[in-house]
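One structure is given here, and the rest of the page talks about it.
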Amino acid sequence: MKALDRRTFLRGVGASIGLPFLDAMTPAFAAPGRAAHPPCRLMFVYAPTGVIPLYWFPETTGANFDFPRTVKPLEKFRGDVLFVSNLAHHNSLALGDGPGDHARAAATYLTGMHIKKTEGADLRDGISADQIAARKFAAQTRFPSLELTCEDSRQAGACDSYSCAYQNMSWKSETQPLPPEMNPRQVFERLFGDLDRTADPAARARQRSYRQSILDITLRDTERLENNLGATDKRKLDEYLGSIREVEIRIERAEQDAAVPPGFEKPAGIPTTFAEHAQLMFSLVRLAFQADLTRVATFMLAREGGVRTYPEIGVPEAHHSCSHHRGDPVLIEKVAKVSDYHAQQFAWFVEKLKSTREGDGTLLDHSAVTYGAALGDPNIHDHIHLPTLIAGRANGRIKSGRHVRYPEGTPMSNLHLSLLDLAGVPTETLGDATGKLDYIADLI
């Protein structure tokens with residue numbers, strides 16, 4: 001009658017697969033109705049270079065708020081999202097440092113600190129909210145955190161009159177940024193595989209061509225486990241392993257796709273369209289959360305102030321150049337299209353989390369996924385009205401289905417401090433936080 005250990009892995013030569021939350025992991029003699037509760041996951045998804053405010057911010061507050069154009073794809077998840085408005089990052093302002101709003105926006109988003117103006121190695125920021133949580137959960141998961149992106153950036157040299165290292169949103173310490181990974185193959189192998197990382201790219205490609213699917217490698221362990229599972233758990237395991245195989249296939253297809261957009265150098269394993277790339281990265285996060293490989297993730301959809309183009313939606317110009325629209329309706333529409341496109345991929349992820357059953361709810365119920373940015377209107381580099389919403393209920397601690405408008409200028413760090421508390425990581429200070437937010441966990 002012993003329960004299955006939550007840390008059980010399916011193993012094979014060069015592969016290891018964590019398991020989703022199964023009924024068999026509930027203590028065998030637990031009282032009826034007192035199943036083991038899944039952990040809370042934290043994720044921060046960053047949509048770069050601001051939004052068109054008219055198309056993002058709801059006009060009404062409370063439970064009957066409206067969904068403007070950009071966030072319209074999330075309307076079907078009304079009961080699962082919490083909109084918060086009037087949050088600000090005062091430390092993203094110049095404060096005497098001159099130009100560099102995009103660099104300050106990215107580096108300040110999760111730290112709440114005013115970064116040191118430098119183009120060299122003498123960086124100075126602060127530990128980010130995700131890394132505070134990562135420290136707390138590190139002993140309980142295989143990976144403290146995941147840092148992902150869909151647009152790579154240099155880590156040395158000058159970017160937006162600051163060191164390019166400030167383009168990172170995750171900071172392990174005030175001097176150590178954590179660069180995000182943009183190659184889904186690298187993320188997949190980190191989570192499930194064990195290829196020789198010391199080999200050169202050609203040797204690694206040969207290794208991949210010889211090895212079987214992760215699922216084939218662990219087949220014997222999988223069969224042994226399934227013999228001891230009930231029907232419901234077998235179905236859960238089959239669905240989970242099927243999702244892993246689906247991601248494997250999508251990565252393999254991306255590696256075989258030779259089509260590359262103009263001006264974009266595609267490393268192996270990276271899809272050519274943004275939607276394919278973002279959805280693949282989101283899928284990897286879902287698998288990592290489902291198997292409790294990590295409880296913390298950050299995802300920069302693209303680089304802040306970056307040069308990525310989106311020809312597939314009719315925006316062949318760099319996103320950043322369009323963002324300084326100066327009131328031009330043509331450029332405003334292009335900025336809106338990019339923001340819409342980003343939000344559509346996030347809505348796709350929310351739907352995947354909501355469709356993933358876990359314990360007494362869904363993976364979305366057991367997560368708090370923040371979507372937003374450290375710029376509001378990009379045309380004026382607005383750091384005072386920041387687009388922000390939270391999907392998920394953090395194990396019932398977040399009262400979703402509302403729009404809460406705070407006093408103008410409320411520090412964004414107050415929200416991040418509150419989310420850490422709700423995730424079981426109580427923290428006294430973070431950046432310029434003045435306290436925790438009211439109304440996140442309580443009805444107005």
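Tabulated results
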quantity	calculated
Top-ranked residue of region 386-417 - restricted to ones that are hydrophobic (A, V, I, L, M, F, W, C) and in a strand (DSSP E or B), ranked as surrounded by the fewest Cβ atoms within 10 Å (Cβ to Cβ)	404
Region 11-21, subset of a type in the set (A, V, I, L, M) and surrounded by fewer than 23 Cβ atoms within 10 Å (Cβ to Cβ), residue modelled with the highest pLDDT	15
Where a residue in region 214-229 is on the phi < 0 side of the Ramachandran plot and aliphatic (A, V, I, L, M) and its partner, wherever it lies, is at pLDDT 80 or above and part of a helix (DSSP H, G or I), with Cβ under 7 Å and at least six apart	214/192; 214/244; 214/248; 215/241; 215/244; 215/245; 229/24; 229/237
Residue in region 95-104 that is buried (at least 22 other Cβ atoms within 10 Å of the Cβ), under 30 Å from residue 138 (Cβ atoms) and touching a Leu at 6+ places or on another chain (Cβ under 9 Å) present	yes
All positions within region 155-187 that are among the polar types (S, T, N, Q), out of contact with any Pro (no Cβ under 8 Å at 6 or more places or on another chain) and not in a strand (DSSP E or B)	167, 175, 186
Enumeration of residues in region 67-90 that are under 22 Å from residue 438 (Cα atoms) and not aliphatic (A, V, I, L, M)	78, 79, 80, 83, 85, 86, 89, 90
Residue within region 356-370 that is closer than 28 Å to residue 24 by Cα, of a type in the set (D, E, K, R) and outside any loop (DSSP other than H, G, I, E, B) present	yes
Residue under evaluation residue 420, criteria (1) of a type in the set (A, V, I, L, M); (2) touching a helix residue (DSSP H, G or I) at 6+ places or on another chain (Cβ under 7 Å); (3) in a loop (DSSP other than H, G, I, E, B), criterion not met	(3)
Of all residues making up region 109-142, the number that are closer than 30 Å to residue 39 by Cα, at pLDDT below 95 and either of a type in the set (Ser, Thr, Tyr) or not in a helix (DSSP H, G or I) (or both)	2
Per-region count, region 188-232, residues of a type outside the set (A, V, I, L, M), at pLDDT 65 or above and in a helix (DSSP H, G or I)	12
Filter result for the condition that a residue is modelled with pLDDT of 70 or more and more than 19 Å from the chain's Cα centre (by Cα), over 250, 286	250
Within region 272-293, tally of residues that are among the aliphatic types (A, V, I, L, M) and on the phi > 0 side of the Ramachandran plot	0
Of residues in region 30-61 being modelled with pLDDT of 95 or more and exposed (fewer than 15 other Cβ atoms within 10 Å of the Cβ), the one nearest to residue 344 (Cα to Cα)	54
Pair list, Cβ < 7 Å and 6+ apart or interchain, from region 296-323 residues that are surrounded by fewer than 16 Cβ atoms within 10 Å (Cβ to Cβ) to residues that are hydrophobic (A, V, I, L, M, F, W, C) and in a loop (DSSP other than H, G, I, E, B)	307/318
Residue check for residue 316: closer than 17 Å to residue 52 by Cα and at pLDDT 95 or above	no
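The values are calculated or read from the model by the stated rules, or taken from the named source; none is laboratory data. Since the structure is predicted, the reported quantities are computational estimates derived from the model, not experimental observations. Ideal geometry is used to build each Cβ from the backbone, glycine not excepted, and the neighbour counts take in all protein chains shown.
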